[in-house]
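One structure, pasted below without further comment.
The values are calculated or read from the model by the stated rules, or taken from the named source; none is laboratory data. The structure displayed is predicted, hence computed values, not measured ones. Neighbour counts are summed over all protein chains in view; Cβ atoms, including those assigned to glycine, are modelled from backbone coordinates with ideal geometry.
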Amino acid sequence: MRRLLGLRRMDSSTSKKLIALIVIGVILAGAAAWMATTDRPSSAERLVPDSIGAADPLQAEFARCQGLGEAGAHDPACLAAWAENRRRFLAPDRRPAAPNPAVMPMPTEGR
């Protein structure tokens with residue numbers, strides 16, 4: 001019968017590889033099914049923590065834009081927030097931050 005169908009006998013290494021491939025496929029399918037059924041909050045349910053908004057309203061706006069996903073790239077308020085962030089970062093009168101006193105520069109030896 002095998003000869004008529006053109007089948008040949010598999011060696012043990014091939015059958016082990018096939019079994020391992022089937023097991024991995026079953027595990028991946030089970031993980032995908034589990035992830036599809038778990039309850040996750042939607043992007044509308046995610047709230048910006050009050051600590052972020054109180055410190056800097058721009059950070060709160062960035063968090064809101066992140067929650068919008070792809071639509072945040074076209075939202076006028078998000079675009080304005082990014083423009084304000086660029087203005088702050090690239091301001092010509094911006095001064096460098098004060099050096100961190102915890103980090104002491106390494107003394108250099110005279111050469």
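Which residue, of 10, 1, is modelled with pLDDT under 85 and surrounded by 10 or more Cβ atoms within 10 Å (Cβ to Cβ)?
Working: 1 fails: surrounded by 10 or more Cβ atoms within 10 Å (Cβ to Cβ).
Exactly one residue qualifies, and that residue is 10.
Yes or no: residue 86 more than 23 Å from the chain's Cα centre (by Cα) and at pLDDT 60 or above?
Working: more than 23 Å from the chain's Cα centre (by Cα): no; at pLDDT 60 or above: yes.
Criteria not met by residue 86.
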